[in-house]
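Some notes on the structure that comes next.
The values are calculated or read from the model by the stated rules, or taken from the named source; none is laboratory data. Given the structure is predicted, the values throughout are model-derived calculations rather than measurements. In this analysis, Cβ positions are derived from the backbone assuming ideal geometry, glycine residues included, and neighbour counts consider all displayed protein chains.
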Amino acid sequence: MTATHNATEPLSEVRHSGPTLPLSGRTKDLVGSMIDSSTSLLAAQSHDIVRFAMGSPADEAVPADEFRQIAGEILDHTSFTYGATEGEPRLLQLLVDYLATTPDPSTHDRLVITTGGMQGLDLACKLFVDPGDLVVVESPTYTNGSATALSYGAQLLEVPVDDDGMQVDQLADLVAHTHKTPKAIYTIPTFQNPSGVTMSEERRRELLRLAHTWGAVIIDDDPYGLLRFAGTDIPTFQTLSPGDPLIFSVRTFSKILAPGWRVGWVDADPSLRQLLINGKQAMDTCTNVPNQHIVAEYIARGGLEDHLAGIRSLYRERKDAMLDSIERHLGDRVVTTDPEGGFFLWVTLREEFAEIDTRELFEIALADGVAFIPGPALSPGGRFRNSMRLCFASSTPERIDEGIRRLTSSLEKMAR
């Protein structure tokens, strides 16, 4: 029965008989993120926790003093008004100049500044994904990205990952079983979140070939590519197929400067630029202008490359510390990846730990003072129950060892 209102009855006293909110059909596909929710969960804890959960730069890796100085020197009335939707002109030009020194040069007409990498993913799905479209994702994957595709009504196809990235050799057969043609292929090809692995050049070339066969766009999400601390660079999709309209690249300053800036960019075919601007104007009008001005000035002062060199060294030390600690405390009872850059290790339980569900382990480990992301949170289908993602970037070697010691204790409790 619908609630009615007597004109003499105060609105505050109207009785409602049940839910009446006219929710859209898409709300059923708004699945949320355990990764992001862990920030609030950890903030609510009162005991000491070693935090391997969030993929965040180390506090000491953020040049906060320089940012404060820049903000005090340059912010004026031009920083506190609306900005151009495509991005502040100075930041765009400085970004073009900086990218010219990297393996991924670009041009002004290909770039749009976004509110972090996540807005880039949202814009990609807004432009390319209709309800019912097939979108290929890695398995495991960054489920914030796959959740974005779901929010636009996508049907997801999970493709396994090994030490050379997405198993592209399985892709055609997996697609054939769906009786659909993919509309988009979402990949994190370099230092993948969550596994840390990197897609080989051979697989990148084959993925490009398949994308052209199907007319599918490759959503190339690469927050970590500038954080290589070992090995040799592998050509990007843009390098392998310059000017390819089927490559939509998403980048961000979140992992190389600070996630709180919420400043990123997309690099896409110039024919898409006005659509990107139109799509962004329906979201936030423009990315935070003061933050763009500070990031631009930081780049202009020439500190970015030295900063990157410093954090590459820092993260290599921490990755090595985590692998060493896992070897000492856990040995052959787990298998881990060994990334050449980025933030993450992927850990799979074996032997007496093989039957442990990391979702159940999470509660025990949190009480014991260590946090991680359980494997099922990193698969749209809830796979990888005996795996977990550990972030090595945000903890010192001493804290890393303490965290692995606590995690080992929690695992041993569950295995008894």
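Looking at segment 31-47, is at least one residue at pLDDT 95 or above, surrounded by 18 or more Cβ atoms within 10 Å (Cβ to Cβ) and touching a helix residue (DSSP H, G or I) at 6+ places or on another chain (Cβ under 7 Å)? No: segment 31-47 contains no residue that is at pLDDT 95 or above, surrounded by 18 or more Cβ atoms within 10 Å (Cβ to Cβ) and touching a helix residue (DSSP H, G or I) at 6+ places or on another chain (Cβ under 7 Å).
For GLU340, the criteria (1) under 20 Å from GLY196 (Cβ atoms); (2) without any contact (Cβ under 8 Å) to a residue 40 or more places away in the chain hold in every case but one, which is (2).
Each residue in segment 327-372 was checked for being at positive phi and surrounded by fewer than 16 Cβ atoms within 10 Å (Cβ to Cβ), and 2 pass.
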